Amino acid sequence: MRAAVGKARRRPRPGRIALGAISALIFAFLILPLVVVFPLSVSSAPYLEFPPPGLSWRWYENYFGDPVWIDATLRSLKIATSAMLLSLLVGTPLAFSLVRGRYPGRALLDRLAAAPMIVPAIIFSVAVYGLFAKLKLIGAWYGIALAHTVLALPFVVIVIGAGLRGFDEALEAAALGLGASRWQAVKRVTLPQIRPSLVSAALLAFVTSFDELVVAMFLAGSEMTLPKKMFDNIRMEIDPTIAAVSVLQIALIALAVLIAQRFGRGALEVK
Amino acid sequence: MSASSVAALPLLPKIAALRVRRERALAALGLPALLLLALIFAFPVLRLLGLSLEGGSLEWYGKALGEGLYLEVFWITFRIAALVTLLALLLGYPLAYFLATTTRFWTTLGFIFVILPLWTSVLVRTYAWMVLLGRNGVVNRILLELGLAREPLPLLYNELGVVIGMVHVLIPYMVLPIYSALKRLDPSLAQAAEGLGAPASRIFLRIVLPLTLDGVFAGAILVFVLSLGFFITPALLGGGRVIMIAVLIEQQVRETLDWSFAGALSAVLLAATIAIYGLAQRARRHGAEPPP
Amino acid sequence: MTRDDASTGLALAGIRKAFGPVKALDGVDLSVEPGELLTILGPSGSGKTTLLKVVAGFEFPEAGSVRLGGEDLTLAPPAKRDMGMVFQNYALFPHMTARENIAFPLEMRRLQRREIEGRVQEAFELVDLAGLETRLPRQLSGGQQQRVALARAIVFNPRLLLLDEPFGALDRKLREAMQLEVRRLQKRLAVTTLFITHDQEEALVLSDRIAVMNCGRIEQVARPREIYERPANAFVADFVGESNLLFGTVAGVREGLLELALADGLKLLAAGEVPQGARVGALVRPEHVSLANGSASANSFEGEVLETVYTGTSQKYRVRLANGTALLARVPAAAALASPATGERVSLAIAPALVHLFRDG
């Protein structure tokens, strides 16, 4: 544990070299799948062949040219954005309520808010499917958005709750003393201060919804979300279009994370 | 509250009233969420579980827990979950150890390697494994190329593939709690042991490992429970041949349309999940108490 | 920006507040005159911060009343109290510039943009921070942050200014400079001010009056000089300034002076009007204990120097008398030409008129 602080520059002991080597292998294992989809997406072979015999953009063309794919993508974006907004709208007040409240039943509400994270997704999906089928909501994008909001809510509450707990309440008190109403104090002082948490929560909610498959599988019907279409494709015909879509998805997420970094860090850099 | 004490502190009732008002307002903030969770979560799930008691009998539970076919499914699920947890631990601990004890640069870099897979969808990752593990996949190609195998190994559409895929997805969930536990460790303990002449292996086995057991425990519980309920990876990498509980439930609903049975299976899975989390809570609390 | 009408006098009556079994405030009565700077001085745990919170509205008392200019504000929310507060750690909004911080209370009061800008500018000049308007708090030094906090607290012309140990985080020189600045500012604005501190020197420098607080009660309220020279009881005597505190009874009267029989058989002559037989505490400030050189004096004692301390401006001696009592004497450094060393024998003299008596028990 000598290197726990990482300051000393001495010749590494054999134990550390072994550890480094093993870790490198495991890191490779972790990153391997992500790396594989890139070359595959530009392969000219029509089936899964590795290494690819030649380069071609056809799978990307396939994707962009197919209205079904684009449709599914846009639907996923629409649903993910809605789920993100709704989970923030509902989750932020909930986080305040759970962190600052001391009313009877608060602990129960806390448990309930965490439940979607604990209950296996398959159970939730089947359950909602059963209910929505009766309500004729299958295929409705807002139904999926609602279900995704529920799935994202625990994460939103956890992240924003953590941000709230780290927030110096004296600042809010100062605002009150200066004449602000509680709402003004929260709006002008507290929320800007926990902006990194809000942005992280938004990103988490968006990604949770955008990548979500199990619920979408049941609720989408013929109006498919992107993951659903990908899943069907994988099961039915495996051609590298999936790889192209995967690459695009990775790129999108990376972009979203970068944007989040930008917005999240702006609040204050007291590091 | 006696009359005399109220008289001595006349503002108490008013303060109490103010406090009640504030708590009411805070509670009200949670109302929209409560509504959403009740309608879209609690109600449907309870309804599903209720379906399992159709006709007021436990026959579906009898089928789920009694018939050999379905017991097999439970056994497979449990077995895979245990194996995945073990492997995730064996691979995850060294990783966490490395991250916790190396320089800032490597730690940041390493975390990217750990967090990035987490941010990509499970579907993409699972698909990538299909590419890697197929008969003409990357792994087999390399093995054949290097002469390590004479014919392609069956790595896909079987338990092996499922385990590999699941381990890959779940390692980050093992690494993070262990990393936290390692970071919480007081470095002076290991230094003291070193000063007393203990070899590195001893230090690890007798000091580091025992003191990070809570992180190991947390990670293991998390990975195990997540494995129990996994759907996407077993469904795709198992190719219909590896039936875990989640896959079975999906089949019952989509193909057999046997809702009551699906409800019973769900109830069993949920009960197992909650039971394990509950036991973990109890054990953690137990471990945190000082010996009498 | 001045306000000198009677609507700014603060009156606290019978304030009680407990946290569980602990009585933080045990019946506090206090009044602050319009335009006055009153300091609440006390050790940690004395209840002074709780009292401030009650005045500001962040805590509610279980009994008693808070009145500002006659208006009952006891249970009013902080926003409605028209008080400016400077917190211990300034509580500046980190994501707002200095200007935005100072403008905040004005915006809350819905003033027009133009007027806000004017007042903010005025406030900047008042606290001597012109040129730093667009800086964020983290880009300002501790002293500058202090001034922004101060400006923010007065820009909206509050009826009462509250300062909660605002100088704790500053180094000594800065602290002293800020003390004088606050004093100057306060006088210029003539704003009624309540100042909380545990630093008795600070209290003596700043205040029009000082209220010494202990265990949730006010021990004494008086002008600084009186607090220092004529403390009401042992606590005040001990807390403010260094002291020689001796306890005993009035044994008799001799030549118009009281003869005190103190602990360990010490006898002291003091001026005062206390009936015979009463239990008293006698306070002698170290600067009133002089090193006599054998000449006869009403109170003279022989003793051995236990230790000497040099503080730059003075020389202090701890002397043990024959009966075991230890006295502290302080002599201006310039006057201590032939200063006795540890172990030497010295003679001490105390003028009876300089012995301050208070009733004990």
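Projected over every direction and averaged, the convex hull enclosing the alpha-carbon atoms of chain C yields 21.9 nm². Across all Cα atoms of the range A:139-271, the radius of gyration (one decimal) and Dmax (whole number) stand at 19.6, 66 Å. Summed over all non-identical Cα pairs, the Kirkwood treatment of the range C:212-341 gives a radius of 16.2 Å.
Near A:Met224, no amide H atom lies under 5 Å from its own; only residues 5 or more places off or on other chains count, and H is placed 1.01 Å from N. When +1 charges are put on Lys and Arg Cβ atoms and -1 charges on Asp and Glu Cβ atoms, the dipole computed for chain A relative to its Cα centre reaches about 1480 debye. Close amide H pairs (under 5 Å, H built 1.01 Å from N) link C:Asn299 with C:Ile350, residues at least 5 positions away or on another chain.
Each part gets one Cα centre, and for the range C:140-193 versus the range C:32-74 those centres are 18 Å apart. Other residues within the sphere of radius under 9 Å centred on the Cβ of A:Met224, judged by their own Cβ, net out at 0 (K and R +1, D and E -1).
Kirkwood-type hydrodynamic radius, the range A:115-170: 13.0 Å, calculated from all non-identical alpha-carbon pairs. Among the DSSP helices (H) of chain B, those spanning at least 27 angstrom by Cα along their long axis with an average Kyte-Doolittle hydropathy of -1.0 or more are B:68-101, B:159-184, B:259-288; this is a geometric and hydropathy rule only.
Here the range C:67-191 exposes an accessible surface that is 46 percent carbon and sulfur, computed with a 1.4 Å probe and the other protein chains kept in place.
With respect to chain C, whose longest principal axis is taken over its alpha-carbon atoms, helix C:98-108 is tilted by about 70°.
Looking at the calculated P(r) for the range C:186-246, what percent of the C-alpha pair distances fall above 18 Å?
On the way: 600 of 1830 pairs.
Roughly 33 percent, once rounded to a whole number.
Scattering from the range C:1-119 was approximated by placing one identical point on each alpha carbon and applying the Debye formula without solvent; log10 I(q)/I(0) at 0.21 1/Å stands at -1.27. Any idea what angle helix C:142-154 forms with the longest principal axis of chain C, computed on alpha-carbon atoms, 0 to 90 degrees, nearest 10? So the helix axis and the longest Cα principal axis differ by about 70 degrees. Per residue of A:200-210, other chain Cβ atoms within 10 Å of the residue Cβ number 1 on average.
With a 10 Å cut-off around each Cβ of B:226-232, the average count of Cβ atoms from other chains is 4. Evaluated at q = 0.13, 0.19, 0.27, 0.28 Å⁻¹, a Debye calculation over the C-alpha positions of the range C:132-210 (equal weights, vacuum) places log10 I(q)/I(0) at -0.40, -0.85, -1.51, -1.57.
For the range A:101-207, the residue among A:Thr190, A:Gly143, A:Met117 whose Cα projects farthest onto the positive side of the dipole built from Cβ charges is A:Gly143.
Given springs between every Cα pair under 10 Å in a Gaussian network model of chain A, which of A:Val257, A:Val186, A:Val215 has the largest fluctuation? Result for chain A, Cα springs under 10 Å: A:Val186 fluctuates most. A Förster distance of 22 Å, applied to the separation of the beta-carbon atoms of C:Glu133 and C:Arg113, puts the FRET efficiency at 0.90.
Between the beta carbons of B:Arg184 and A:Val35, assuming R0 = 30 Å, the FRET efficiency works out to 0.35 to the nearest 0.05.
Relative contact order of the range B:155-292: 30 percent, from C-alpha pairs under 8 Å at least 6 residues apart in sequence. Put a plus charge on the Cβ of each Lys and Arg, a minus charge on the Cβ of each Asp and Glu, and nothing anywhere else: the dipole of the range B:96-227 about its Cα centre is then about 120 debye. Averaged over peptide A:166-176, the number of partner chain Cβ atoms lying within 10 Å of each residue's Cβ comes to 5.
For a test of the definition: using alpha carbon positions, the gyration tensor, and the 1.5 limit on a/c, classify the range A:199-247 as rounded, prolate or oblate.
Numbers: a/c = 3.38, a/b = 1.49, b/c = 2.27.
It is oblate, given that a/c is not under 1.5 and a/b is not larger than b/c.
If you average the alpha carbon positions of the range C:320-349 and of the range B:130-148, how far apart do those two centres end up, in angstrom? That distance is 95 Å. Rounded, prolate or oblate: pick one for the range B:141-276, where a ≥ b ≥ c are the square roots of the eigenvalues of its C-alpha gyration tensor, a/c under 1.5 means rounded, and failing that, prolate if a/b is larger than b/c, else oblate. Oblate shape, in that a/c is at least 1.5 and b/c is the bigger or equal ratio.
Assuming charge only on the beta carbon of Lys and Arg (+1) and of Asp and Glu (-1), the dipole of the protein assembly as shown about its Cα centre is about 680 debye to the nearest 20.
Between C:Phe19, C:Phe301, C:Phe60, the Gaussian network model of chain C with springs among Cα atoms under 10 angstrom shows the greatest mean-square fluctuation at C:Phe19. Pairs exceeding a 32 Å alpha-carbon distance, out of C:Lys48/C:Lys80; C:Lys53/C:Lys173; C:Lys17/C:Lys316; C:Lys48/C:Lys173; A:Lys229/B:Lys183: C:Lys17/C:Lys316; A:Lys229/B:Lys183. For chain A, the calculated P(r) over all alpha carbon pairs, in 5 Å bins from 0 to the bin holding the longest distance, is 1, 5, 9, 12, 12, 12, 12, 11, 9, 7, 5, 2, 1, 0, 0 percent. When Rg and the Kirkwood Rh are both derived from Cα coordinates, the Rg/Rh ratio for the protein assembly as shown amounts to 1.11.
Based on the mean of other beta carbon atoms within 10 Å per residue, what is the order of B:148-161, B:86-99, A:30-43, most packed first? Walk me through the intermediate numbers first.
Working: B:148-161: 15.9, B:86-99: 21.6, A:30-43: 19.3.
In decreasing order of mean packing, B:148-161, B:86-99, A:30-43 become B:86-99, A:30-43, B:148-161.
Within the P(r) computed for the range B:11-147, what percentage of the Cα pairs occupies the region above 19 Å? Spell out each step's value before the answer.
Numbers: 7461 of 9316 pairs.
Counting every Cα pair in the range B:11-147, those more than 19 Å apart make up 80 percent.
Do you know the relative contact order of the range C:1-112, to the nearest whole percent, from alpha carbon pairs under 8 angstrom that are 6+ apart? Working shown, then result.
Working: 139 pairs, mean separation 28.0, N = 112.
Reported as a whole number, the value is 25 percent.
When every alpha-carbon pair in the range B:23-93 is counted, what percent end up more than 14 Å apart? It would help to have the intermediate numbers written out before the result.
Working: 1899 of 2485 pairs.
For the range B:23-93, the fraction of Cα-Cα distances above 14 Å is 76 percent.
Would you work out the relative contact order for chain A, in percent, from Cα pairs under 8 angstrom that are 6 or more residues apart?
Working: 290 pairs, mean separation 76.3, N = 271.
Relative contact order comes out at 28 percent.
May I have the convex hull volume per residue, in Å³, for the Cα set of the range B:207-272? Each step should come with its number before you reach the end.
Numbers: hull volume 5.7 nm³, N = 66.
Output value, Cα hull per residue: 86 Å³.
Of the peptides A:175-185, C:112-122, the order by per-residue mean of other Cβ atoms within 10 Å, starting with the highest, comes out as A:175-185, C:112-122.
Just checking the listed ones, B:Ala193, B:Ala38, B:Ala28: in the Gaussian network model of chain B with Cα springs under 10 Å, the one fluctuating most is B:Ala28. For the range C:276-361, a/c is not less than 1.5, where a ≥ b ≥ c are the root eigenvalues of the C-alpha gyration tensor, and a/b tops b/c. That puts it in the prolate class. Look at the dipole of chain C built from charges on Cβ: of C:Ala351, C:Ala91, C:Tyr310, the Cα furthest out on the positive end belongs to C:Ala91. For chain B, place one equal point scatterer on every Cα, skip the solvent, and apply the Debye formula. What is log10 of I(q)/I(0) at q = 0.10, 0.13, 0.14 Å⁻¹? Those come out to -0.79, -1.08, -1.16, one per q. The range A:187-254 and the range B:25-70 have Cα centres spaced 26 Å apart.
Nearest 500 deg cm²/dmol is fine: what mean residue ellipticity at 222 nm does chain A get from its DSSP H runs of n ≥ 4 alone, each adding -39,500 (n - 2.57), divided by its residue count? The partial results should precede the final answer.
Values: 12 runs with 193 residues, N = 271.
After summing the helix terms and dividing by residue count, I get -23500 deg cm²/dmol.
Of the listed peptides B:203-216, A:111-124, what is their order by residue-averaged count of other C-beta atoms within 10 Å, with the highest listed first?
Details: B:203-216: 17.1, A:111-124: 20.2.
So the peptides B:203-216, A:111-124, ranked by packing, come out A:111-124, B:203-216.
The values are calculated or read from the model by the stated rules, or taken from the named source; none is laboratory data. Quick caveat: nothing in here was measured; it's all calculated off a predicted structure. Ideal geometry is used to build each Cβ from the backbone, glycine not excepted, and the neighbour counts take in all protein chains shown. Just the protein is used for accessible areas: all its heavy atoms, side chains included, with ligands, DNA and RNA removed. Shrake-Rupley method; radii C 1.70, N 1.55, O 1.52, S 1.80 Å.
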